[in-house]
Amino acid sequence: MKKTIEHIDVKGMKVLVRCDFNVPIKDGKITDDTRMTAALPTIQYLIDHDAKVIIMSHLGRPKGKPDMEYTLKPVADHLAELLGKDVVFISSPTVVDDKVRAAVDDLKEGDVMLLENVRFRPEETENTFDFSSELASLGQIFVNDAFGTAHRAHCSTAGVAGYLPTVSGYLIDKEVKYLGEALERPQRPFVAIMGGAKVGDKISVIENLLNKVDTLIIGGGMAYTFFKALGYEIGQSILDEEHIELAGSLLEKAKEKKVQLLLPEDVVCAKEFDNDSESAVFSKDSIPADMMGMDIGPETVKLFSEAIANAKTIVWNGPMGVFEMPNFAVGTRKVAEALAASEATTVIGGGDSAAAVTQFGLADKMSHISTGGGASLEFLEGKVLPGIAAIDNLEHTDENVELYKHIYAAQDKN
Ligand code: AMP
């Protein structure tokens, strides 16, 4: 178990917080502030408990140089609006300098400051000790709440933890709770749903999940590589040629592990990769040579929905079809609806499935939507995430377990 902000006294302390404020910005305006609102409970807690809050984040890829296209200034302005209070921001090309240090020294209890984009420094992504200690010198406690970058060992995510007592914020804590419990202590039946385009990206996740789940559902573009491994003709459907053999061995492994593996029974095929292309439903073994699979068909929706309805824990990563095109979004929508209707604990991996669930207006029906695409995949792969490994451990006593239950109950109510 990891220590959280609730396990330390932050009053009067300079608290360095790593957030993931890597938000999309167009013409100086933030177009989606989900990542910022997700970090607010942690920031608000620190304000309410009289900490001096110093936030760090990256934005985009400025390639280790100060580049004003990637300044965090718009983020600082938006954060001030969200919090309803001033946010100190100094656009230092070196992130830390004497002006920044002086501003930190001037902070009063409950004040908030945002540092400039940590990726203005080339050392950030190299996780060097010099920039880590420079950042750490600004604070007395480190709070990591950036799940989206927890799979990267960078100065501001892992390096600083070498110099300061380190705890997690609410966001990381919630991610670890839902993803961790699904993997380690799932209520059964445990069903994982994998989709998306490439098998290659998700092989290790599937391999790890085959050791944990009762049922593995495979839909989306990756299903065609499995079909190919089974000897079906897939027409013009997307194929990950390099991984056909591996797909075959995963099918074997599922059998060995006695995991029920569900593939589509029928698919919606189109002549072209276009929303308005002529389309029709075909069974899995009769995909026409001149067509491509774009979505799962109605029989498959029924099959997958039944498995979902019986599950007690569900993890979903990757769309069931080309959901960006409305005519081929039906399968993904139906699966999202089945999850929304289920009583199970539902955990949605970041990225496309999170976007799909939000697009369908079903986000508040899910137990947890991960804020990290890459990070949630690595978590599901069973990898150690450096940003989480860096957080101090809490001794596992009965008292602490009670304390955690209390925290989660309070969070779930919010
Ligand atoms: P991934 O990044 O691997 O999770 O893939 C997500 C992408 O897979 C989305 O942009 C979907 O449009 C795409 N996708 C899902 N199903 C299909 C399919 N049958 N053919 C082509 N692309 C697909």
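The values are calculated or read from the model by the stated rules, or taken from the named source; none is laboratory data. If you're wondering where the values come from, they're calculated on a predicted model, not measured in any experiment. Note that we place each Cβ from the backbone using ideal geometry, even for glycine, and neighbour counts take in every protein chain shown. Heavy atoms of the whole protein, side chains included, go into the accessibility calculation; ligands, DNA and RNA do not. Shrake-Rupley method; radii C 1.70, N 1.55, O 1.52, S 1.80 Å.
Numerical summary
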| quantity | calculated |
| --- | --- |
| Residue identified as surrounded by 15 or more Cβ atoms within 10 Å (Cβ to Cβ), more than 15 Å from the ligand (Cβ to nearest atom) and within 24 Å of A363 (Cβ to Cβ) among K253, K334, K312 | K312 |
| Residue that is nearest to the ligand (Cβ to nearest atom) [pool: residues in region 203-227 that are over 18 Å from G248 (Cα atoms) and not basic (K, R)] | V213 |
| Total residues in region 268-296, condition within 22 Å of I206 (Cα to Cα) and open to solvent by less than 20 Å² (accessible area, probe 1.4 Å) | 4 |
| Some residue of region 356-363 being open to solvent by 30 Å² or more (accessible area, probe 1.4 Å), over 30 Å from V23 (Cα atoms), at pLDDT 95 or above and outside any helix (DSSP H, G or I) | no |
| Number of positions in region 76-130 that are without any contact (Cβ under 8 Å) to a residue 60 or more places away in the chain, open to solvent by 50 Å² or more (accessible area, probe 1.4 Å) and acidic (D, E) | 8 |
| Residues located in region 97-133, provided they are out of contact with any Ser or Thr (no Cβ under 9 Å at 6 or more places or on another chain), under 24 Å from K63 (Cα atoms) and either among the hydroxyl-bearing types (S, T, Y) or part of a helix (DSSP H, G or I) (or both) | D98, T125, E126, T128, F129, D130, S133 |
| Scope region 51-86; condition modelled with pLDDT of 95 or more and at positive phi; matching residues | G60, G64, G84 |
| Members of region 368-393 that are over 18 Å from S204 (Cα atoms), within 14 Å of the chain's Cα centre (by Cα) and assigned to a loop (DSSP other than H, G, I, E, B) | S370, T371 |
| Failed criterion for I369 (all others in (1) within 22 Å of D33 (Cα to Cα); (2) within 13 Å of the ligand (Cβ to nearest atom) hold) | (2) |
| E343 vs. criteria within 16 Å of the ligand (Cβ to nearest atom), open to solvent by 80 Å² or more (accessible area, probe 1.4 Å) and either of a type outside the set (G, A, S) or within 29 Å of the chain's Cα centre (by Cα) (or both) | no |
| Any chance I54 is open to solvent by less than 10 Å² (accessible area, probe 1.4 Å), touching a residue at least 60 places away in the same chain (Cβ under 8 Å), among the hydrophobic types (A, V, I, L, M, F, W, C) and in contact with a helix residue (DSSP H, G or I) (Cβ under 9 Å, 6 or more places away or on another chain) | yes |
| Single match in G195, G235, G200 (criterion: crowded, with 23+ Cβ neighbours inside 10 Å and within 16 Å of the ligand (Cβ to nearest atom)) | G195 |
| Cross-chain or 6+ apart pairs with Cβ under 8 Å, region 232-254 first and on the phi > 0 side of the Ramachandran plot, then within 16 Å of the ligand (Cβ to nearest atom) and modelled with pLDDT of 95 or more | G235/C269; G235/I287; G235/P288; G235/D290; G235/M291; G235/M292; G235/G293 |
| Residue match in region 319-329 (condition: among the small types (G, A, S), buried (at least 21 other Cβ atoms within 10 Å of the Cβ), closer than 22 Å to E381 by Cα and within 14 Å of the ligand (Cβ to nearest atom)) | no |
| Hits in region 17-38 (condition: in contact with a Ser or Thr (Cβ under 8 Å, 6 or more places away or on another chain), part of a strand (DSSP E or B) and open to solvent by 50 Å² or more (accessible area, probe 1.4 Å)) | I25 |
| Qualifying positions in region 279-309 - within 16 Å of the ligand (Cβ to nearest atom), farther than 12 Å from K334 by Cβ and acidic (D, E) | D290 |
| Any hit, region 365-383, residues being in contact with a Pro (Cβ under 7 Å, 6 or more places away or on another chain), open to solvent by less than 50 Å² (accessible area, probe 1.4 Å) and not aromatic (F, W, Y) | no |
